[in-house]
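Student: Handing you a structure now.
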Amino acid sequence: MKVWFLAVVASVASAVAQAAPPNVLVIYADDIGYGDVGCYGATAVKTPNIDRLAAAGLRFTDAHSAAATCTPSRYSLLTGEYAFRKKGTGVLPGNAKMIIEPGRTTLATILQRAGYRTGVIGKWHLGLGAGDLDWNGDIAPGPLEVGFDECMLLPATGDRVPCVYVEGRRVVGLDPQDPMAVAYGKRIDERPIGREVPDTLKMRWDFGHDMTIVNGISRIGYMTGGGNALWVDEDMADVFVTRAKKFLRDHAKRPFCLYFATHDIHVPRVPNRRFVGKTEMGPRGDAIVQLDWCVGELLDELDALHLAENTLVIFTSDNGPVVNDGYRDQSEEELGEHRPAGPWRGGKYSAFEGGTRVPFVVRWPGRVAPGESAALVGQVDFCATLAKIAGVELADGDAPDSLDQSAAWFGKDRRGRDHLIEQAGALSLRQGAFKFIEANKRGAFDKQTKTELGNAPQVQLYDVGEDPGETRNLAGEQAERAAAMAARLEALRAAGRSR
């Protein structure tokens with residue numbers, strides 16, 4: 001009888017443990033392409049930590065960011081709404097007002113409902129304040145107004161001012177006697193800018209990044225003051241990892257969700273000297289090694305805190321890769337045989353698959369069996385999927401384009417979505433292996449980044465299963481399929497929601 005009783009108790013305890021929602025760690029890389037990491041085929045750069053995550057988890061081969069650029073992808077991930085539905089969600093300047101309105105449901109508010117402590121550390125790029133922000137006072141609205149309990153931010157991007165960190169609602173380290181100001185389009189002081197003194201820069205700009213100089217690198221936009229608060233690019237990964245590890249330690253005894261958005265490998269690529277020369281690909285390759293170190297540090301911290309077994313870890317990227325994105329960092333010259341987008345055509349900014357098809361790895365020991373999945377999955381589904389996992393019921397108006405893909409994440413559904421919209425200059429619709437790209441008269445090629453943008457004045461239809469390079473437009477010979485997909489894309493656009 002005693003043995004039977006103990007067995008029952010152990011069985012119940014095991015069931016309860018399995019039913020408990022996991023901690024969540026989202027590692028969101030910047031500009032990492034499908035082919036940029038070892039577990040997706042890279043050989044010129046080693047990524048042992050990302051690879052060990054993939055070896056212990058499920059690696060998806062048909063996973064997509066919501067857009068081919070960062071701001072709309074981040075908006076879609078956090079709100080569960082395709083960014084093309086909302087004006088003003090393009091790539092934002094550094095002084096843009098926040099585009100997620102306080103009060104709406106977000107990934108963070110969903111998990112708060114389930115009792116999670118929520119944090120965002122790293123790149124934000126969704127705007128701050130309500131317009132005409134005074135960076136010297138309280139900065140609001142921001143992440144704390146849309147469901148995050150804690151935040152430590154890179155406000156926009158590394159190549160845009162302001163070049164300071166924001167923690168909570170304040171600029172970190174700002175001296176009140178040296179107030180800062182930020183402007184776009186209008187110069188606000190007489191100090192030399194990048195285009196005027198290119199020979200003094202430690203990294204030369206190639207296009208667009210020729211304004212305020214911070215840490216020997218010229219940026220987009222104008223900034224004055226805030227000298228004590230300015231970041232040092234080489235230390236950025238260390239700063240974010242240190243803060244992230246503190247978050248994990250502080251909340252080790254309760255459910256948490258940490259959205260860790262790295263700066264790597266976005267420009268300017270200025271890795272810490274520990275990583276300089278670790279590859280033969282120059283700063284871009286070395287920044288990938290630094291990114292991999294960040295992943296390893298967080299995984300090791302989970303292990304040290306005995307949290308790995310009940311933490312769902314997700315690694316992915318905000319869009320596809322770009323090689324030269326505005327600085328002369330030898331990214332093109334040192335690329336060699338490395339293929340940042342893997343077998344896919346295009347990259348960042350592109351409607352072709354390379355624009356949104358990104359690495360996507362899910363690890364939850366004991367719940368997600370290691371392996372590979374070809375299921376079609378998208379980041380717009382984070383809200384509904386994590387709501388399901390955490391046991392939260394979404395209201396009708398919540399996350400309007402987000403669908404529960406937990407079965408795919410757990411490897412039980414190998415098909416995934418029956419459709420997915422991808423956003424670049426044109427919108428695309430994926431259905432199974434077929435991809436429809438709407439007609440778009442914008443330019444087909446970006447001469448600065450040397451990216452095929454996927455735009456064309458006529459519609460395009462590709463079978464990306466048989467033709468991953470999207471070289472054969474089937475719209476003519478499969479006109480009926482093209483017309484049906486065009487109609488469905490228009491219906492989804494007009495409906496204002498997918499669920």
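Student: Which residue pairs have Cβ atoms closer than 7 Å, lie 6 or more positions apart in sequence or on different chains, and pair a first residue in the stretch 285-308 that is among the acidic types (Asp, Glu) with a second residue that is modelled with pLDDT of 95 or more and outside any helix (DSSP H, G or I)?
Tutor: Within 7 Å, the pairs are 286/271; 286/275; 286/276; 286/277; 286/278; 286/279; 292/47.
Student: Counting just the residues of the stretch 359-383 that are in contact with a Pro (Cβ under 9 Å, 6 or more places away or on another chain) and part of a loop (DSSP other than H, G, I, E, B), which one comes out surrounded by the most Cβ atoms within 10 Å (Cβ to Cβ)?
Tutor: So in the stretch 359-383, the residues in contact with a Pro (Cβ under 9 Å, 6 or more places away or on another chain) come out as 363-364, 367.
Next, only the ones that are part of a loop (DSSP other than H, G, I, E, B) stay: 364, 367.
Numbers: 364: 23, 367: 16.
Among those that are in contact with a Pro (Cβ under 9 Å, 6 or more places away or on another chain) and part of a loop (DSSP other than H, G, I, E, B), it is 364.
Student: Can you tell me which residue in the stretch 406-445 is surrounded by the most Cβ atoms within 10 Å (Cβ to Cβ), limited to those that are basic (Lys, Arg), modelled with pLDDT of 95 or more and in a loop (DSSP other than H, G, I, E, B)?
Tutor: Within the stretch 406-445, the match that is surrounded by the most Cβ atoms within 10 Å (Cβ to Cβ) is 417.
Student: Specify which of the listed residues (135, 205, 124) is over 21 Å from the mean Cα position of the chain (by Cα), closer than 23 Å to residue 239 by Cα and among the aromatic types (Phe, Trp, Tyr).
Tutor: 135
Student: In the stretch 287-324, what residues are among the aliphatic types (A, V, I, L, M) and part of a helix (DSSP H, G or I)? Steps first, answer last, please.
Tutor: Looking only at the stretch 287-324, we keep the residues that are among the aliphatic types (A, V, I, L, M), and these are 287-289, 291, 295, 298-299, 302, 304-305, 307-308, 312-314, 322-323.
Within the stretch 287-324, 287, 288, 289, 291, 295, 298, 299, 302, 304, 308 qualify.
Student: Report those strands (runs of 3 or more DSSP E) wholly inside the stretch 110-211 carrying at least 3 residues which are surrounded by 18 or more Cβ atoms within 10 Å (Cβ to Cβ).
Tutor: Of the strands (runs of 3 or more DSSP E) lying wholly inside the stretch 110-211, those with at least 3 residues that are surrounded by 18 or more Cβ atoms within 10 Å (Cβ to Cβ) span 117-123, 150-154.
Student: Part of a loop (DSSP other than H, G, I, E, B), at negative phi and crowded, with 19+ Cβ neighbours inside 10 Å: which single residue out of 403, 386 fits that description?
Tutor: After ruling out the rest, the residue left standing is 403.
Student: Please go through the stretch 99-109 and pick out each residue that is farther than 22 Å from residue 385 by Cβ and surrounded by 17 or more Cβ atoms within 10 Å (Cβ to Cβ).
Tutor: The one that is farther than 22 Å from residue 385 by Cβ and surrounded by 17 or more Cβ atoms within 10 Å (Cβ to Cβ): 99.
Student: Output the number of residues of the stretch 458-499 satisfying the condition of being among the aliphatic types (A, V, I, L, M) and either more than 30 Å from residue 395 (Cβ to Cβ) or assigned to a loop (DSSP other than H, G, I, E, B) (or both).
Tutor: Taking the stretch 458-499 and keeping what is among the aliphatic types (A, V, I, L, M), we get 459, 461, 464, 474-475, 479, 482-487, 489, 491-492, 494-495.
Then keep just the ones that are either more than 30 Å from residue 395 (Cβ to Cβ) or assigned to a loop (DSSP other than H, G, I, E, B) (or both); that gives 459, 461, 464, 474-475, 479, 482-486.
So the answer is 11.
Student: Search the stretch 208-229 for residues that are on the phi > 0 side of the Ramachandran plot and pair each with any residue that is among the small types (Gly, Ala, Ser) when their beta-carbon atoms are under 8 Å apart and the residues are at least 6 apart or on different chains.
Tutor: Hits for this filter: 208/326; 221/94; 221/183; 225/181.
Student: Would you check if residue 86 is surrounded by fewer than 16 Cβ atoms within 10 Å (Cβ to Cβ), among the basic types (Lys, Arg), out of contact with any Gly (no Cβ under 8 Å at 6 or more places or on another chain) and not assigned by TED's automatic domain parsing to the domain that holds residue 264?
Tutor: Numbers: surrounded by fewer than 16 Cβ atoms within 10 Å (Cβ to Cβ): yes; among the basic types (Lys, Arg): yes; out of contact with any Gly (no Cβ under 8 Å at 6 or more places or on another chain): yes; not assigned by TED's automatic domain parsing to the domain that holds residue 264: no.
In short, no.
The values are calculated or read from the model by the stated rules, or taken from the named source; none is laboratory data. Source: prediction; values computed, not measured. Every residue, glycine among them, receives a Cβ derived from its backbone with ideal geometry; neighbour counts consider all protein chains shown.
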